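Undergrad: Please read through the structure below; I'll follow up with questions.
The values are calculated or read from the model by the stated rules, or taken from the named source; none is laboratory data. Given the structure is predicted, the values throughout are model-derived calculations rather than measurements. All Cβ positions, even for glycine, are placed from backbone atoms using ideal geometry, and neighbour counts span all protein chains on display. These area figures cover heavy atoms from the full protein model, side chains too; ligands, DNA and RNA do not enter into them. Shrake-Rupley method; radii C 1.70, N 1.55, O 1.52, S 1.80 Å.
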Amino acid sequence: MTLDNCKKLAGIKAADLIEDGMLVGIGTGSTVFFFIERLIERCKEGLSISAVSSSERSTKQAKEGGIVFKDINTITKIDLTVDGADEIDHTGRMIKGGGGALLREKILASTSTSTIIIVDETKTCEKLGKQKLPVEIVPFGIDATIYKINQQGYKGVVRKNSDGSIYYTDNDNIIYDIYFEHLLEEPEADHLKLINIPGVVETGFFFNLAKKVIIAFEDGHIEERN
């Protein structure tokens, strides 16, 4: 089974858990793409929901499929959010933000009664740190902010588009991708060091937000972890 087929399995499984009347938070990424596609199918079959999303890309895909959206600025609670992860350990700690939507993803997850994370088996790990850690920073004083990040012992690069221009998030911020030399023993401590630097808006560390994890394996079976 291909990696895309694994992602599709996980996306379909999550979409089939959505119930009538729910306000659904839609995340971002290649696995969430398949969740949205199945959710569109279910809505055409009669499922009645409304949605909010963490990215312009996911919003465009869902709206073009006919999913009804609410204004994120007028809600205080989301019933269920479905999102992916770049890396997730056995305790549910994650690194997210490969698609650049980490801040909005964290807002949706923290506003949700429940959050389902959908991944293929390659995203699971024993310890975080193999994948890059996206850190969202404001453009004002960018060199000073990066200098302070480096002074804390972290090294990385400003994310750029394929044409070499600086990548900007949907919030008009910049992503600084940190690369670790070793796997992380205490990612919570790394998060605290980074988030306390003026200019850092959010990190791609996600803790205590995944209520259920759906993992699709290459042999075709699906595992659910609570």
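Undergrad: Which number do you get for Rg(Cα) / (2.2 N^0.38 Å) in segment 109-226?
TA: Dividing the Cα radius of gyration by 2.2 N^0.38 Å gives 1.20.
Undergrad: Evaluate E = 1/(1 + (r/R0)^6) for E19 and D71, where r is the Cβ-Cβ distance and R0 equals 35 Å; express this FRET efficiency to the nearest 0.05.
TA: 0.95
Undergrad: Got a number for carbon plus sulfur as a percent of segment 124-226's accessible area, 1.4 Å probe?
TA: The C+S portion of the solvent-accessible surface of segment 124-226 is 49 percent.
Undergrad: With a bin width of 10 angstrom, please list the P(r) values of segment 1-60 as percents of all Cα-Cα pairs, from the 0 bin to the one holding the largest distance.
TA: 23, 56, 19, 1
Undergrad: Note down the net charge around V158, summing +1 for each Lys or Arg and -1 for each Asp or Glu among other residues with Cβ under 11 Å from its Cβ.
TA: 0
Undergrad: Averaging over all projection directions, find the projected area of the Cα convex hull of the chain and quote it in nm² with one decimal place.
TA: Mean projected area for the chain: 12.7 nm², to one decimal.
Undergrad: Another question about this same structure. For the chain, what is the calculated [θ] at 222 nm in deg cm²/dmol (nearest 500), taking -39500 (n - 2.57) for each run of four or more DSSP H residues and dividing by its residue count?
TA: -9000 deg cm²/dmol
Undergrad: With contacts defined as alpha carbon pairs under 8 Å and 6 or more residues apart, what's the relative contact order of the chain in percent?
TA: 23 percent
Undergrad: Turning to a different aspect of this structure: Quick one: which of 121-133, 86-98, 137-149 comes out on top by average Cβ neighbours within 10 Å, and what's the full order, highest first?
TA: The packing order, highest mean first, is 86-98, 121-133, 137-149.
Undergrad: Translational diffusion coefficient, Stokes-Einstein: compute it for segment 73-167 using the Kirkwood radius over C-alpha pairs as Rh, at 37 °C and 0.692 mPa s, and state it as an integer in µm² s⁻¹.
TA: Answer, rounded: 213 µm²/s.
Undergrad: Which percent of Cα pairs goes in each bin when the distances of segment 1-109 are cut into 10 angstrom slices starting at zero?
TA: Pairs per bin, as whole percents: 15, 50, 31, 4, 0.
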